[in-house]
2 protein chains.
Amino acid sequence: MLHLDLSPAQSFLAPGYHDQCKDKLAQAHQWLQTATGLGNDFVGWVHLPVEYDKEEFARIQAAAKKIQAQSKALVVIGIGGSYLGARAVIEVLKSPNYNALPKDTPDIYFAGNGLSSDALQEIVTMIGDRDFSVNIISKSGTTTEPAVAFRVFKDMLEKKYGKDGARERIYATTDAARGALKGLADKEGYEEFVVPDDVGGRFSVLTAVGLLPIAVAGIDIEALMAGAAAQRQECIDQPDASASAQYAAARHALFESGKSVEILAGFEPSFRFFGEWWKQLFGESEGKEGKGLFPASVDFTADLHSMGQYIQQGQRLMLETVVRFEKPLTEVAIPNDPDNVDGLNFLTGKTLSYVNEQAIRGTRLAHVDGGVPNIVITLPRRDEDSIGRLIYFFEYACGLSGHLLGVNPFDQPGVEAYKKNMFALLGKPGYEDQKAALEARLK
Amino acid sequence: MLHLDLSPAQSFLAPGYHDQCKDKLAQAHQWLQTATGLGNDFVGWVHLPVEYDKEEFARIQAAAKKIQAQSKALVVIGIGGSYLGARAVIEVLKSPNYNALPKDTPDIYFAGNGLSSDALQEIVTMIGDRDFSVNIISKSGTTTEPAVAFRVFKDMLEKKYGKDGARERIYATTDAARGALKGLADKEGYEEFVVPDDVGGRFSVLTAVGLLPIAVAGIDIEALMAGAAAQRQECIDQPDASASAQYAAARHALFESGKSVEILAGFEPSFRFFGEWWKQLFGESEGKEGKGLFPASVDFTADLHSMGQYIQQGQRLMLETVVRFEKPLTEVAIPNDPDNVDGLNFLTGKTLSYVNEQAIRGTRLAHVDGGVPNIVITLPRRDEDSIGRLIYFFEYACGLSGHLLGVNPFDQPGVEAYKKNMFALLGKPGYEDQKAALEARLK
């Protein structure tokens, strides 16, 4: 179960704020459920947790087993929504130290999500002479970052295993019908998985985009989908009172009342990268037309000793959304110190998670006292069911919230701006006219 | 050389903004140089790059050699400024994959910077049965997070090596004269290094706090100090026109004109954690009395596919400070594809760093067009000299900027709030009275 607690935000919310947006919420819910409204061609994620392609799902599980048997490393090539979801889920359910920890599943390297030659070269070095496979994730096959990385790793595979051996180790997650990567995969006979037409990148973690790398890491993707499905059912059953609807209404009201930054806070380092996924989800969905909460994330208690001062006493811009897990995966008891040098013997024998929990509670009170509305999301533990629920909870809240804001939550028109400039500066055919003008501005 | 380019922020700045704060800048400069003004008992970092303790510096280098010879892993226990600087420098000069890459220096694990039992247990697992040493960094020795972790790892060392063996492997960076850890280190005979009284945590990376772990990673700390010293000289020589003074004046003017978020952007994944150090530096120095730019950081081009949409078209809250390196450590040439599947053959034979550079230039133009003032800091490459300069550049700018804002840049009164609540909820002796009241509020 996912539990939402709005009480530590209550004193910052005007009475009746939820009722005031009830009609808009009902409308947004209707739009999402029936694929009407703004961005209606990108709401395939809404029913995905139950209406997914079962045949492909079984192929994903089989491919994951094959990769596990055949390779010591998997290179996942993708950018934005094509890697954030998988990396977030693997880190939160396994660990940010997944590669370094003992395990019987392959190491996973995320490549093609930037243009750093040092970062690319390091992955080549870390793979070394071990057996590896590649999952290239790109709807078009022409996005610069993943395309360049794919050239490099495809070359490596073909040199190591020959062309026939390489095609047995390349998995293409791409468009079902068209595009450069689809064409290549058909021609070469790569195993193919689909980036659905009606699911945008930032909502794609529960498609093959996220599921194949997640399954390779040994995570139970059926349980993950079941968690998401349960959360979807809540959204359907309680259009106005689901956790997603409540969260959407509260954060929208706080935005309207003048808050401009939302901080997602976790108290487990394994949750850090989930914050990156969340920032894309909300930032890209709402950050348009001069609107939207600026999304930021922190890793407590570490960041209480860095960002804590600002949150407590800086500009009063922020609301804070906290995700906590009731139980850790392992308990550590605090050892006794006969000399009690640090004065902490009052904690002897207590578990570290008990101390962490009091830090969560103490921080909530401190931040509310400091003028920062808190919203607390509680999950039982870091397992597939909880994370499936959390993903869907945020996705549905984001769809609702974007509609409350009056924007199309499913487009990203601003992402093209840097790309166009970059192509022109690189001298890409077709962009010649712009190059001189841009170079002149850069002088 | 560190080069600052304010031209892509110019159109957002009122004419004469720099002249208008000249007197205040001169005053702030004077305060920093002569240890007068607000927070004057915490400006030891100003002259540190030249006036550091040479004897201790040599001991740091010797201790690093001893750790390298004796151990396969070093556990660095510290929170906030006691780990962010070391981790940032090791990641940017070595790699975020430092532990996973082939090398002849020990793995480094950062512990005691949070209260997650899973994270702590993972470090124990990753050390396994390898030889290891511990560097405990705590001014007082009583801060909960590092103190608990120190109990755990001290126990491990004593079980593995006996009490005598353990004391040969524990390095205590702590107060010179007093405190719980100082007392223990004296009694046990640990090698000791000093957290100076006049250097706050967030300014301590160039003291033993940061230097010992950095040296263990094989980084040339003399070159790092020399870079910082060169930057300090520029600040002294050009009180009003140093890069730090210019940056402080520009970001202050942008803050005054209504900007409320500053984003630090890098184009190398190895720079990601430097952003965390920077967020503490500025957030903790300026975020008080309801003031200060909210500090955020991004890792481009990856985050152009997540936060890029918001930056381009969301609320116009932001200024962006970009750090770029002219040369990567390794060059990767883009392979040819005879079939030109991805249409990128116009890049064949070009280096990836050339493409990255055009992304940097294209992004700058796009964001300025989108209404986001850009400030660009250029360094030759990811080496000790550059990073030493960059650290001092930001530190001095932060000192100036805090004074322009009219706050004490060197205190952090808000950090205590969560701790006090946590102690009360944990039932710490002396906090009994508050516990019941806090529990009642949490019901």
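The values are calculated or read from the model by the stated rules, or taken from the named source; none is laboratory data. Predicted model, so just to flag it, every value in this text is computed and none were measured. Methodologically, a virtual Cβ is constructed for each residue, glycine included, from the backbone with ideal geometry; neighbour enumeration extends over all protein chains shown. Quick note on the areas: whole protein, heavy atoms, side chains included, nothing else; ligands and nucleic acids left out. Shrake-Rupley method; radii C 1.70, N 1.55, O 1.52, S 1.80 Å.
Points worth noting:
- Efficiency of FRET between residue B:197 and residue A:55 - r from beta-carbon atoms, R0 60 angstrom, step 0.05: 0.30
- Of the residues A:394, B:255, the one with the largest accessible area comes first in the ranking B:255, A:394, computed with a 1.4 Å probe on protein heavy atoms.
- Surface accessible to a 1.4 Å probe, residue A:54 within the full protein complex, Å²: 110 Å²
- Sorted from closest to farthest, the other copies place their residue B:441 label points 5.0 nm away, with each point set 7 Å from Cα along Cα→Cβ.
- For the pair residue B:437 and residue B:131 in one chain, pulling the backbone fully straight at 0.36 nm per residue adds 105.4 nm over the alpha carbon distance.
- Treating r as the C-beta distance of residue B:3 and residue A:159 and R0 as 35 Å, the FRET efficiency rounds to 0.30.
- The alpha-carbon of residue B:435 sits under 16 angstrom from the alpha-carbons of these lysines, leaving out residues fewer than 8 places away in its chain: B:419, B:420, B:443.
- The Cα atoms of chain A cover 62, 59, 54 Å along the three principal axes, with the biggest extent listed first.
- All lysines inside 25 Å of residue B:22 as judged from Cα atoms, apart from same-chain residues fewer than 8 positions distant: B:259, B:288, B:291
- Residues in region A:149-180 reached by a label modelled at residue B:348 [backbone nitrogen below 20 Å; 7 Å Cα→Cβ]: A:149-159, A:163, A:180
- Distance-filtered residues of region B:30-73 - backbone nitrogen under 14 Å, label point 7 angstrom along residue B:233 Cα→Cβ: B:49-51
- Estimated inter-spin distance, residue A:291 and residue B:257, nm [label 7 Å along Cα→Cβ]: 2.7 nm
- Mean partner shielding of peptide A:277-289, defined as the number of other chain Cβ atoms within 10 Å of each residue Cβ, is 4.
- Result for chain A in a Gaussian network model with C-alpha springs under 10 Å: among A:186, A:303, A:433, the largest mean-square fluctuation is at A:433.
- For the listed residue pairs A:72/A:94; B:94/B:327; B:163/B:428; A:159/B:94; A:154/A:182; B:154/B:182, the alpha carbons are over 19 angstrom apart in B:163/B:428; A:159/B:94.
- Semi-axes of the equivalent ellipsoid of the protein assembly as shown are 39, 32, 31 Å, computed as sqrt(5λ) over the eigenvalues of the C-alpha gyration tensor in descending order.
- Between A and B, accessible area buried - total, square angstrom, nearest 100, 1.4 angstrom probe: 10500 Å²
- Other residues within the sphere of radius under 15 Å centred on the Cβ of residue A:427, judged by their own Cβ, net out at +2 (K and R +1, D and E -1).
- Innermost chain B residue relative to the axis carrying B onto A, by Cβ distance in angstrom: B:296, 3
- An ellipsoid equivalent to region B:396-443, defined through the eigenvalues of its Cα gyration tensor, has semi-axes of 35, 11, 7 Å when rounded to whole angstrom and sorted largest first.
- Relative to the Cα centre, the charge distribution of the protein assembly as shown, modelled as +1 at Lys and Arg Cβ and -1 at Asp and Glu Cβ, gives a dipole magnitude of about 40 debye.
- Nearest-first distances (nm) between copies at residue A:62, label 7 Å from Cα via Cβ: 6.7
- Other-copy label distances relative to residue A:165, 7 angstrom Cα-Cβ extension, nm: 4.4
- Under 5 Å from the amide H of residue A:77 lie the amide H atoms of A:111, A:135, A:136, A:137, each residue being 5 or more positions distant or on a separate chain, with H modelled from the backbone and absent for Pro and chain starts.
- For residue B:385, the accessible area of its heavy atoms, probed at 1.4 Å with every protein chain present, is near 50 square angstrom.
- Counting only heavy atoms of the protein chains and using a 1.4 Å probe, residue A:396 has close to 0 Å² of accessible surface.
- With Cα atoms as the point set, the radius of gyration and Dmax of region A:169-226 evaluate to 12.2, 35 Å.
- Panel values: region A:89-147, Kirkwood radius from alpha carbon pairs, Stokes-Einstein at 37 °C and 0.692 mPa s, translational diffusion coefficient 248 µm²/s.
- At a probe radius of 1.4 angstrom, the accessible area of chain A per residue rounds to 33 square angstrom.
- Residue with peak Gaussian network fluctuation, chain B [Cα springs, cutoff 10 Å], from B:84, B:38, B:101: B:101
- Shape box of region A:202-319 [Cα atoms, principal axes, largest first, Å]: 44, 35, 25
- Sulfur and carbon atoms: percent of accessible area, chain A [1.4 Å]: 51 percent
- Three-way shape label, region A:235-304, alpha-carbon gyration tensor, a/c 1.5: oblate
- Computed over the alpha-carbon pairs of region A:1-117, the distance histogram in 5 Å steps reads 2, 8, 9, 13, 15, 14, 12, 10, 8, 6, 2, 0 percent, short to long.
- Ranked by solvent-accessible area (1.4 Å probe, protein heavy atoms only, all chains present), the residues A:279, A:420 order from largest to smallest as A:420, A:279.
- When the residues A:131, B:118 are ordered by accessible surface, computed with a 1.4 Å probe over the protein chains alone, the sequence from largest down reads A:131, B:118.
- Rounded if a/c under 1.5, otherwise prolate or oblate - region B:48-219, Cα gyration tensor axes: rounded
- Residue among B:96, B:413, B:213 with the largest mean-square fluctuation in a Gaussian network model of chain B, springs linking Cα atoms under 10 Å: B:413
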